[in-house]
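Asker: One structure follows; several queries about it will come next.
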Amino acid sequence: MSLNGGRHPIAAQRVALQTARGVTQVDARGDYAYLTVRLPAAGDRAEQELAVYRTLAENGFSINLVRLHRESLSFITDAAAGEAARSHLAAAGFDATVTGPVSLVTLHASEMRLLCGVMARIARALLDAGIPMLQTGDGPDTAFLLVPKEQADAAVAALRHEFGVRPPGRPILVQKFGGRCVATDTLLEHLENVAPGIAPPDRERDLLLACGEIISTVIMTQTLKALGLRARALTGGQAGIVTDRQFGDAQIIDIDPSSIHDLFARDEVDVVVVAGFQGTTEPAEGARHGDITTLGRGGSDTTASALGAALMAHAVEIYTHVDGVMTADPEVVAEARTLPIVTYDEVCNMAHLGAKVLHPRAAEIARRYQIPLWVKSVFSDSPGTRVAALEEIQPPQVRQVTGIAHLGRQAHVRATVPDAAERPRARVRLFTALGAAGIPLSLLSLDEIGFSFLVDEEHAPGVERIAGELAIPVEIIPGRDLVSVVALNMWDVPGFLYRIAQALVAAGVAVHQMADSEGSVACLVAREDVARAARALHAHFELGR
């Protein structure tokens, strides 16, 4: 992590960067109708779903919160259009029921899909308040709950109470280089050789991993000195980075950039090289120093964005293995191209949904502090991708679809609870136990006889064990991946989901579940279909042009 300040006074600010590990905003919106369309038992399921989407698209209906169930699919549309949509579907041979009016309660949280226990708290709060949860949905940093309109305000109040949510100088350049540090693998191998099979405590493991980053920092500093630059190396703690105590996955809660500021102000350096991926905790009571922590996956990206905010940098540059933010993973889609400019929301969605070019936390910090951000390649002189506010993107750069992302190693869990009265309590019991075990879930869907959700494949054995202990029958289907279409805004665009389904059906890709939000549509597919799905969607939306 290098900071190049030239030889002028720099601006800096102490920044409290802590992002609550949970829900930060709850509100309700809309006047919707909720339609459930029963699909015939005989016939091709994918073609039936496509026929539903086609009927709605050809008649100008925009649909959202689409969910695929065992014998049906459901969605919401504008309340005034509910009966008309049902009538058109009936004319096409589909039996649909309309529930409404309903409202959509939206909960916002950074990295929602990685949070443990959130759905348990949501389900329990609504159950205790006597509010039925008709359906759910989620996006990269949101969860959606469909509730009767007359109970929407009560739902918002209950959830705000549950989560403690209140009602609504001189240019400096920060650059992040590289990925995994040169010493990390060697250090981990040495640790395993010293004590085979004995895992160190998280605190000691962080000490070890931080040493690897510090070694890389010193090597980088010496390299810059060899080029004639006055360079100084700092650890994360020396740079003023303070974190919480979640070793191995710590979050930055505060940055005091005065040490960096003073080096530049005294004209002692041209470049400061800060060890990424690390910080220190506040000293515990009675201790003189804090503990060293690491920031987890993507920690160096996060360090760069956080320092950019604290130093009021004129730009943050993230150097990676590709030329910038691309329309798809070039290893999967050969026609993928580099986007010259994207919005903060677009890059956040791409990152959350699996694009490995930038870590979601780094993107979130850049968005919050409106830091001018560039993503470039360390291997070429390509200008890369500029990340900016929507207002800075003018036609012809404005586009409907940004790119295709994919997120691997998912397991689809389907729970069966035939007793409708028992079902909400079963959800609370299972979700509470999963949260306590540190197992986050996403893509929750409620259906005729139970509910389903996604977990990372590594958690599948834990889910099976916990569900067995609670006597809740579950079917776990491993080998699933999410393929997502990311866009600026697709919430009220008629026919958008039809176009996605059309491309996937033509490619012979079966969709097992969907999740749509304002900026993305995620499709759950079999792992062997990921490349085919990504290529089909990329071609259908002409993203290679």
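We did not get these values from a lab; they are worked out from the coordinates using the rules stated. Computed from a prediction, not measured in an experiment: that's the story for all the values here. Reconstructed Cβ throughout: ideal geometry from the backbone, glycine too, with neighbour counts over all protein chains shown.
Asker: When the convex hull of the C-alpha atoms of the range 90-164 is computed, what volume per residue in Å³ does it have? Walk me through the numbers on the way to the answer.
Answerer: Values: hull volume 8.0 nm³, N = 75.
Considering the Cα atoms of the range 90-164, their hull volume per residue is 107 Å³.
Asker: Also, I was wondering about something else. With θ set to phi - 60°, apply the Karplus curve 6.51 cos²θ - 1.76 cosθ + 1.60 along the range 41-53 and write out the HN-Hα couplings as whole Hz, x wherever there is a Gly or Pro.
Answerer: Whole-Hz 3J(HN,Hα) from phi for the range 41-53: 5, 8, x, 7, 4, 4, 5, 5, 4, 4, 5, 4, 4.
Asker: Give me the extension gain from ALA334 to ARG368: residue separation times 0.36 nm, minus the current Cα-Cα distance, reported in nm with one decimal.
Answerer: Values: separation 34, 0.36 × 34 = 12.24 nm, distance 3.32 nm.
Once the chain is fully extended between ALA334 and ARG368, it gains 8.9 nm.
Asker: Sort LEU307, LEU126 by Cβ crowding within 10 Å, fewest neighbours at the top. Before the final figure, lay out each step's value.
Answerer: Details: LEU307 31, LEU126 24.
Exposure proxy ranking, most exposed first: LEU126, LEU307.
Asker: Could I ask something else about it? To the nearest 20 debye, what is the magnitude of the charge dipole of the chain about its Cα centre, counting +1 on the Cβ of each Lys and Arg and -1 on the Cβ of each Asp and Glu? Display every interim value, and only then the final one.
Answerer: Details: 49 positive and 64 negative charges, 118 e Å.
The calculation lands at about 560 debye.
Asker: Further, regarding this structure: Using just the helices of the chain, give the 222 nm mean residue ellipticity in deg cm²/dmol: DSSP H runs with n ≥ 4 each add -39,500 (n - 2.57), and the total is spread over all residues, rounded to 500. Can you show the working numbers first?
Answerer: Details: 14 runs with 168 residues, N = 545.
Rounded to the nearest 500, it is -9500 deg cm²/dmol.
Asker: Taking only the alpha carbons of the range 349-407, what extent do you get along each of the three principal axes, in Å, biggest first?
Answerer: 29, 27, 26
Asker: Would you please give the residues with an amide H less than 5 Å from that of ASP95, counting only those at least 5 places away or on a separate chain, with H modeled from the backbone geometry?
Answerer: Close amide H contacts, sequence-distant or interchain: ARG38.
Asker: Could you work out the Rg to Rh ratio of the range 186-312, with Rh taken as the Kirkwood radius (inverse of the mean 1/r over all Cα pairs)?
Answerer: With Rh from the inverse mean 1/r over Cα pairs, Rg/Rh is 1.01.
Asker: Shifting gears a bit: Taking the Cα centroid of the range 238-274 and of the range 115-154, what is the distance between the two, rounded to the nearest whole Å?
Answerer: Spelled out, the Cα-based centre of one part sits 40 Å from the other.
Asker: Two-decimal Rg/Rh of the range 31-140 from alpha-carbon positions, Kirkwood Rh?
Answerer: On the way: Rg = 15.7 Å, Rh = 15.4 Å.
Reported Rg/Rh, Kirkwood definition of Rh: 1.02.
Asker: Any chance you could list P(r) for the chain, counting all Cα-Cα pairs in 10 angstrom bins from zero, rounded to whole %?
Answerer: Final binned percentages: 4, 17, 26, 26, 17, 8, 3, 0.
Asker: Using a Förster radius of 22 Å, what is the FRET efficiency between PHE379 and ARG409 based on their Cβ-Cβ separation? Nearest 0.05, please. Could you put the intermediate results ahead of the total?
Answerer: Working: r = 27 Å, r/R0 = 1.25.
Here the calculated transfer efficiency is 0.20.
Asker: Please work out, to two decimal places, the log10 of the ratio I(q)/I(0) at q = 0.16, 0.19, 0.22, 0.29 Å⁻¹ from a Debye calculation in which every Cα of the range 58-122 carries one identical scatterer.
Answerer: Log10 of I(q)/I(0), two decimals: -0.70, -0.86, -1.01, -1.41.
Asker: A further question on this structure: For the range 491-545, divide the Cα radius of gyration by the Kirkwood radius and give the resulting Rg/Rh value with two decimals.
Answerer: Radius of gyration relative to Kirkwood radius: 0.94.
Asker: Determine the principal axes of the Cα atoms in the range 403-527, then give the extent along each, sorted from largest to smallest and rounded to whole angstroms.
Answerer: 42, 30, 26
Asker: Excluding residues on the same chain fewer than 8 positions from LYS376, give the aspartates and glutamates whose Cα lies under 17 Å from its Cα.
Answerer: The reachable aspartates and glutamates, counting only those whose Cα sits under 17 Å from LYS376, are ASP301, GLU317, ASP323, ASP329, GLU346.
Asker: So which aspartates and glutamates pass the test for LYS225, namely a Cα distance under 18 Å, with those fewer than 8 places away in the same chain ruled out?
Answerer: Qualifying aspartates and glutamates at Cα under 18 Å: ASP267, GLU268, ASP270.
Asker: Enumerate by residue number the chymotrypsin sites (Phe, Trp or Tyr not before Pro) in the range 325-434 meeting two conditions: DSSP loop (anything except H, G, I, E, B), and at most 13 other Cβ atoms within 10 Å of the site's Cβ.
Answerer: Working: sites: TYR344, TYR369, TRP374, PHE379, PHE431; in loops: PHE379.
In loop regions of the range 325-434 (DSSP not H, G, I, E or B), the sparsely surrounded chymotrypsin sites (Phe, Trp or Tyr not before Pro) are PHE379.
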